[in-house]
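> Okay, here's the structure, questions in a sec.
The values are calculated or read from the model by the stated rules, or taken from the named source; none is laboratory data. On a predicted model such as this, the values are computed, not experimentally measured, just so you know. Here the Cβ positions follow ideal geometry from the backbone for every residue, glycine too, while neighbour counts run over all protein chains shown.
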Amino acid sequence: MIFGLTLTFFFSQILAGIAIISDIFSFQFKERKKIIIFFIISAVCIALHYFLLERYVGAFLVSLWVIRFFIAYHKTHTYWIYIFIFLFGCTTLFFYKDLYDIIIFTATVLITVWVFQENDKHLRLFLMCGTSLVVLYNFLIFSPVWVLLEGIFLTSNFIGFYRHYIHNTWNKLL
């Protein structure tokens, strides 16, 4: 039994690694749709990661992310934000296990707001806040690889933000 749990944990961390590689690639693009394609790949891996760790609120919330990303790829209507927040709220209530689930729910709400932003600058700012909460959540549920990789993802987001907004603005001023 311990070997099975260790093997499950090992595979969950591999999926976390694949997800973060996809996330890192995502923020090196400026085009919103390219960013979202990489997030779809990442979300599938993240959902499987949480299922393997038996964190079902996180797993079901991220499974809904996949659907949300597919819709956001084609549409940016703000009413989708409310629909998904409602679905995420129902999922959290149904699978609620402990206070940690509130953290991943809050992160999910922030990430939902960003995914329907037409402006990728706003997308990045909302995501930085949501990702910070995801790092906290994964620290609390003891997913060390995911904490490390989400930290790398957050750094990648900062680098992409710098490259596309701060650096370009600075160069225009000179």
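> Take segment 1-35 and flag every residue that is of a type in the set (Val, Ile, Thr) and crowded, with 20+ Cβ neighbours inside 10 Å.
ILE20, ILE35
> Still on this structure, I have one more. Could you list, in sequence order, the residues of segment 61-77 that are within 23 Å of PHE10 (Cβ to Cβ), surrounded by fewer than 20 Cβ atoms within 10 Å (Cβ to Cβ) and not polar (S, T, N, Q)?
none
> Residues ALA72, ALA43, ALA47, ALA59: which one is touching a Gly at 6+ places or on another chain (Cβ under 9 Å), in a helix (DSSP H, G or I) and of a type outside the set (Lys, Arg)?
Answer to the check: ALA47.
> For segment 94-127: of the residues being basic (Lys, Arg) and more than 12 Å from the chain's Cα centre (by Cα), which is surrounded by the most Cβ atoms within 10 Å (Cβ to Cβ)?
Per the criteria, the residue is LYS97.
> Still on this model: Where residues in segment 92-115 are in contact (Cβ under 8 Å) with a residue 24 or more places away in the chain and assigned to a loop (DSSP other than H, G, I, E, B), which of them is farthest from ILE67 (Cα to Cα)?
LYS97
> Scan (1) assigned to a loop (DSSP other than H, G, I, E, B); (2) at pLDDT 85 or above for the single condition GLU118 breaks and write down its number.
(2)
> Picking from GLY151, GLY130, GLY89, which residue would you name as being farther than 24 Å from SER26 by Cβ, out of contact with any Cys (no Cβ under 6 Å at 6 or more places or on another chain), free of Cβ contacts under 8 Å to residues at least 60 places away in the same chain and not hydrophobic (A, V, I, L, M, F, W, C)?
Matching residue, one of GLY151, GLY130, GLY89: GLY89.
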